[in-house]
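> Once you've had a glance at the structure underneath, I'll fire off some questions.
The values are calculated or read from the model by the stated rules, or taken from the named source; none is laboratory data. Just so you know, these numbers come straight off a predicted model, no measurement behind them. Don't worry about glycine lacking a Cβ; one is built from the backbone with ideal geometry, like all the others, and counts go over all protein chains shown. Note: areas computed on protein heavy atoms with side chains; ligands, DNA, RNA excluded. Shrake-Rupley method; radii C 1.70, N 1.55, O 1.52, S 1.80 Å.
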Amino acid sequence: MRTFIRDLTVVASVHMLLAFPAAAQTPTPGMRSGSDLPIEPGCNCICGDRSRGAAESSQPLDDVARLAEAKLLFQKGNDLRKLGDCGRALILYEKSRALVPSKPNTQNWAYCLEQLGRTDEAYDAYEILLTSFVSELSADEVRSVNVSLTALRPRLSLLRTSANVDGLLVVDGRSRGRLPAAREIRILPGEHIVRVVKDGWASFEKTVTVKSGEATSIDARLTPLAESGRLRVEDERLTGADLFIDGALVGQLPWEGSLAPGPHYYSVRKGDLGSAPREANVVRGQVTLATVEAGPLAGELRILTDPKHAALTIDGVPVGRGIWRGRLPVGRHKIEVEEDGYVTYVSRPSLDPSHSGEMAIKLDVDPSHPKWGNKQGTPWISAFGGPLLASSLGSKAEEKCDLYDSADCPDDRRERPLGPLGGVRGGYEFPNGLSAFAGVGYLAMRASLTRSLRATVAAVRPENATIDGEFTISDAISFHGPFFAVGAKYRLEFAQYWYGTAGISIGSIFVDTRDVLTISVQAGGANLPVNVVGAGEPISSAAPFLMPELGFGIRMGRYFGEVGFSVIQVLVAGPPHETRDVSVRNQKPCTENEIGTAHCIRNPTALILTEERSYGALSAFLPRLEVGVRF
């Protein structure tokens with residue numbers, strides 16, 4: 001009696017769920033000659049196979065939850081599809097079908113595959129719709145699906161594969177069933193990698209090129225492994241999970257089988273839990289135990305490379321050439337694509353649970369690679385910059401300060417030259433790694449110091465008298481202006497992405513210099529400011545320089561970055577600052593009481609500064625950062 005009541009409750013719950021309307025709108029897949037393929041009239045919910053209705057009445061309550069989840073996923077997929085996001089909608093339809101395959105979610109699944117250009121998969125999905133749900137399709141719907149299939153057929157090619165073993169057929173990383181196949185499969189025109197794998201046999205692999213509307217036949221001849229080892233993959237937490245080895249679904253965990261000695265990659269998947277590809281090295285005559293590190297999976301990712309024979313690596317594990325499809329754990333991953341004659345591609349995408357879609361990776365040609373025979377160079381452009389550091393600008397003021405006693409020019413009141421440099425340069429790199437380039441930029445350096453100078457100057461009174469004064473001079477020296485340079489450098493690659501550079505350039509700085517003076521004089525207990533006419537006025541000149549450089553860089557596709565250092569060597573000294581009248585300011589009348597003090601210094605007084613050069617043959621150190629692009 002209890003069993004009867006429980007089953008009656010389940011039946012009532014299932015039928016209430018199936019009858020509950022959904023808000024999602026119907027798609028219009030297979031739009032051929034104005035035909036439409038709507039969801040079954042009056043049923044916008046997940047509708048299971050009606051032929052199973054009696055069986056469902058005895059299913060446990062867990063299946064009711066599966067139906068509810070399948071319905072929810074279907075509705076969310078419809079919402080995304082209406083927004084034009086068939087990529088993410090497809091993932092939800094696939095999850096819905098995994099729970100409860102039905103006419104509506106299969107119909108929408110096929111529609112999204114077609115919209116995404118996955119024509120061969122869309123064709124298979126429409127065939128599933130006709131074979132598995134034909135009893136639910138009206139005559140008009142059957143006609144509409146056939147119209148879609150007729151329109152897709154000329155855009156596909158036929159592949160007939162036979163083999164001497166009942167192995168697994170894998171095309172471009174996608175499992176296409178077990179041989180012998182009941183019929184040919186349909187694939188997209190172009191180049192494909194066909195593999196047949198079987199436990200204990202050497203895998204068969206062949207690259208074929210097929211044309212639209214044509215059939216291609218392959219007879220795969222596999223040979224038993226002369227030498228083999230065994231691989232065992234197990235994890236108590238993932239019992240029953242699908243195991244993929246070298247891209248083919250070989251069984252479920254726990255699993256053990258014979259493989260050729262050497263490296264193989266494997267991954268596992270159980271629902272939304274799974275692992276990234278990992279590498280296992282099979283040893284002849286031994287059993288290799290492989291571990292599994294599983295986590296929540298993102299959506300399905302398809303990686304397509306151009307050229308199609310490019311080697312594809314995920315998280316450091318080689319996973320084949322040309323194409324990879326699967327699901328990776330949530331988080332950051334490293335994807336690399338490499339092929340002789342092309343610039344290596346590296347990406348580090350961060351995947352979240354909703355992430356799905358396609359990565360089409362087109363490698364840039366490396367024209368300097370010997371593969372192409374006709375060696376040619378590569379133009380490039382970059383921006384560079386860094387802080388300029390120098391011990392001295394080589395000015396006369398700094399030179400005198402270096403000769404003074406430390407008490408007369410204290411270090412704590414001196415700032416060494418410092419300032420920024422930035423610029424751009426472009427060049428042409430020849431096939432041998434040598435570049436010729438030209439560049440422009442701007443630099444600025446500032447230095448300051450305070451020095452003491454003792455001098456005897458004429459007094460106002462008594463006549464012919466002198467005063468011994470101590471002058472304190474603060475110099476604020478600036479050195480700035482644009483520059484132009486031409487040069488050459490050599491680049492030497494010593495690893496996959498890394499290289500070193502060495503070069504030299506010659507040019508000229510169109511420099512303005514200033515020496516802003518702040519002077520005071522102390523004599524007889526009075527301390528007064530001093531004015532120097534013309535102090536701080538700019539002086540313009542051209543400063544020729546040499547700049548040797550060394551660097552260390554990384555190249556990522558067309559783009560490159562370098563760190564290094566350069567030395568700017570100014571070759572000649574600059575012109576002197578003009579010396580003009582010097583006068584003491586704020587003087588009181590030179591009375592008897594002021595005799596011998598700064599108030600009695602005669603104006604204009606004797607020159608305390610001879611003409612001092614603005615800069616010398618200086619050396620400046622430049623820690624350099626450079627980023628650029630190759631064309």
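> In whole Hz and in residue order, list the ³J(HN,Hα) couplings for the range 613-620 that follow from phi through the Karplus curve 6.51 cos²θ - 1.76 cosθ + 1.60, θ = phi - 60°; x for Gly and Pro.
These are the phi-based 3J(HN,Hα) values: 5, 6, 7, x, 6, 8, 10, 10 Hz.
> Cα centroid distance between the range 321-384 and the range 194-214, in Å?
Spelled out, the Cα-based centre of one part sits 25 Å from the other.
> Once you charge only the Cβ atoms, +1 for Lys and Arg and -1 for Asp and Glu, what is the size of the charge dipole of the chain about its Cα centre, to the nearest 20 debye?
1620 debye
> On to the next question. Suppose we look only past 12 Å in the calculated P(r) of the range 234-282. What percent of the Cα-Cα pairs does that tail hold?
So the pairs more than 12 Å apart make up 61 percent of the total in the range 234-282.
> By the scheme Lys and Arg +1, Asp and Glu -1, what is the net charge of all other residues having a beta-carbon under 13 Å from that of Glu214?
Its environment carries a net charge of +4.
> So, one more: So what is the relative contact order of the range 297-410, in percent, for Cα pairs below 8 Å that sit 6 or more residues apart?
Relative contact order of the range 297-410: 23 percent.
> What percentage of all Cα-Cα pairs in the range 143-189 are separated by more than 18 Å?
It works out to 40 percent of all Cα pairs.
> Could you give the alpha-carbon Rg of the range 525-631 over 2.2 N^0.38 Å, rounded to two decimals?
1.95
> Also, quick follow-up: Evaluate 2.2 N^0.38 Å with N set to the residue count of the chain, then give the Cα radius of gyration divided by it.
So the Cα radius of gyration is 1.60 times the expected 2.2 N^0.38 Å.
> In square angstrom, rounded to the nearest 10, how much accessible surface does Val171 have for a 1.4 Å probe?
10 Å²
> How much of the accessible area of the chain, in percent, comes from carbon and sulfur atoms when a 1.4 Å probe is used?
So the carbon and sulfur contribution to the accessible surface is 55 percent.
> Sticking with this one: R0 = 60 Å: FRET efficiency of Ile218 with Thr456, Cβ-based, nearest 0.05?
Taking R0 as 60 Å, the efficiency between Ile218 and Thr456 is 0.05.
> Still on this structure, I have one more. Could you give the dipole magnitude of the range 246-384 about its Cα centre, charging the beta-carbon of Lys and Arg +1 and that of Asp and Glu -1, in debye to the nearest 20?
Here the size comes out at about 80 debye.
> Kirkwood Rh, Cα Rg: Rg to Rh for the range 294-347?
0.99
> Using a 1.4 Å probe, what is the accessible area per residue for the chain, in Å²?
Per residue, the chain has an accessible area of 48 Å².
> Given H placed 1.01 Å from N in the peptide plane, which residues other than close sequence neighbours of Gly177 have an amide H under 5 Å from its amide H?
Residues meeting the amide H criterion: Leu169.
> Next question. Provide the net charge surrounding Ser228, with neighbours chosen by a C-beta distance below 14 Å and charges set as Lys +1, Arg +1, Asp -1, Glu -1.
The answer is +1.
> Let me ask another. Taking the 0 to 90 degree range and rounding to the nearest ten, how far is the long axis of helix 119-132 tilted relative to the main principal axis of the chain, both from C-alpha atoms?
30 degrees
> Rank Arg88, Arg446, Arg491 by accessible area, highest first, at a 1.4 Å probe radius?
Arg446, Arg88, Arg491
> I've got another one for you. Between Ile218 and residues 5 or more places away or on another chain, which pairs have amide H atoms under 5 Å apart, with H built 1.01 Å from N, and which residues are they?
When sequence neighbours closer than 5 places are left aside, the close amide H contacts are Arg160, Thr161, Ser162.
> Next question, about the same structure. On a full-extension model of 0.36 nm per residue, what is the gain between Gln286 and Ile361, subtracting their alpha-carbon distance, rounded to one decimal in nm?
Gain in length upon complete extension: 23.1 nm.
> A follow-up question, please. Cα-based Rg (one decimal) and Dmax (whole number) for the range 141-222, in Å?
My reading of the Cα-based Rg and Dmax gives 14.0, 46 Å.
> Here's another thing I want to ask about it. Lys and Arg at +1, Asp and Glu at -1: add these up for the other residues within a Cβ distance under 14 Å of Leu622 and post the number.
Every neighbour counted, the sum reads -1.
> Taking the range 532-578, which GluC sites (Glu not before Pro) meet the DSSP loop condition and have no more than 15 other C-beta atoms within 10 Å?
In loop regions of the range 532-578 (DSSP not H, G, I, E or B), the sparsely surrounded GluC sites (Glu not before Pro) are Glu578.
> Something else now. Using helices alone, I'd like the mean residue ellipticity at 222 nm for the chain: each DSSP H run of four-plus residues gives -39500 (n - 2.57), total over residue count, nearest 500.
-5500 deg cm²/dmol
> What list of ³J(HN,Hα) values in whole Hz, one per residue of the range 157-165 in order, does the Karplus curve 6.51 cos²θ - 1.76 cosθ + 1.60 (θ = phi - 60°) give from phi, with Gly and Pro shown as x?
10, 9, 10, 9, 10, 10, 7, 8, 9
> Figure the gain on full extension for Thr472 and Asp124 (residue separation times 0.36 nm, minus the Cα-Cα span) and round it to one decimal in nm.
116.1 nm
> Any idea what log10 I(q)/I(0) is at q = 0.17, 0.27 Å⁻¹ for the range 371-439, Debye with uniform C-alpha scatterers and no solvent?
-0.75, -1.14
> OK, next. Listed here are the pairs Lys206/Lys308; Lys362/Lys489; Lys71/Lys270; Lys400/Lys588; which of them are more than 23 Å apart at the Cα?
Lys362/Lys489; Lys400/Lys588
> Oh, and also: Where a Cα-Cα gap under 12 Å defines reach, which aspartates and glutamates qualify for Lys371, not counting those fewer than 8 residues away within the same chain?
Cross-link targets: Glu339, Asp340.
> List the extent of the Cα atoms of the range 463-528 along each of their three principal axes, largest first, rounded to whole Å.
For the range 463-528, the Cα extents along the three principal axes come out at 82, 24, 17 Å.
> Determine the order of Trp380, Trp372, Trp255 by accessible area, beginning with the largest, at a probe radius of 1.4 Å.
Descending accessible area places them as Trp372, Trp255, Trp380.
> Still on this structure, please answer the following. How long is the gain from Asn593 to Val142 if the chain were fully straight, where each residue apart is worth 0.36 nm and the alpha carbon distance is subtracted?
Result for the pair: 150.2 nm of gain on full extension.
> Modelling each spin label as a point 7 Å along the Cα-to-Cβ direction, I'd like the Trp372/Lys334 distance in nm, to one decimal.
2.8 nm
> Could I have the simple spin-label model distance between Arg558 and Leu418, label points 7 Å from Cα toward Cβ, reported in nm to one decimal?
3.9 nm
> Across 5 Å bins from the origin, how do the percents of Cα pairs in the range 173-289 run, short distances first?
Percent of pairs per bin, in order: 2, 10, 18, 21, 17, 14, 10, 6, 2, 0.
> Starting from the amide H of Leu618, placed 1.01 Å from N in the peptide plane, find each other amide H under 5 Å away whose residue is 5 or more places distant or on another chain.
Val570
> Right, next: How much space per residue, in cubic angstrom, does the convex hull of the C-alpha atoms of the range 400-466 take up?
Dividing the Cα hull volume of the range 400-466 by its residues yields 200 Å³.
> Normalise the Debye intensity by I(0) for the range 89-184, one equal point scatterer per Cα, no solvent, then take log10 at q = 0.20 Å⁻¹ and round to two decimals.
-1.10
> Also, quick follow-up: At q = 0.11, 0.18 Å⁻¹, what is the log10 ratio I(q)/I(0) for the range 358-482, with the Debye formula run over Cα points and no solvent?
-0.67, -1.00
> In sequence order, what are the phi-derived ³J(HN,Hα) couplings for the range 292-302 according to the Karplus relation 6.51 cos²θ - 1.76 cosθ + 1.60 with θ = phi - 60°, rounded to whole Hz, with x for glycine and proline?
Using θ = phi - 60°, the values come out as 10, 10, 10, x, x, 9, 7, x, 5, 10, 10 Hz.
> Would you mind listing how long the range 421-524 runs along its three principal axes, going by Cα atoms, in whole Å with the largest first?
Principal-axis extents of the range 421-524 (Cα, largest first): 83, 26, 17 Å.
> Please compute P(r) over all alpha-carbon pairs of the range 329-422, binned at 10 Å starting from zero, and give each bin as a whole-number percent.
11, 20, 15, 15, 12, 16, 10, 1
> Counting only C-alpha contacts under 8 Å and six or more residues apart, can you give the relative contact order of the chain as a whole percent?
8 percent
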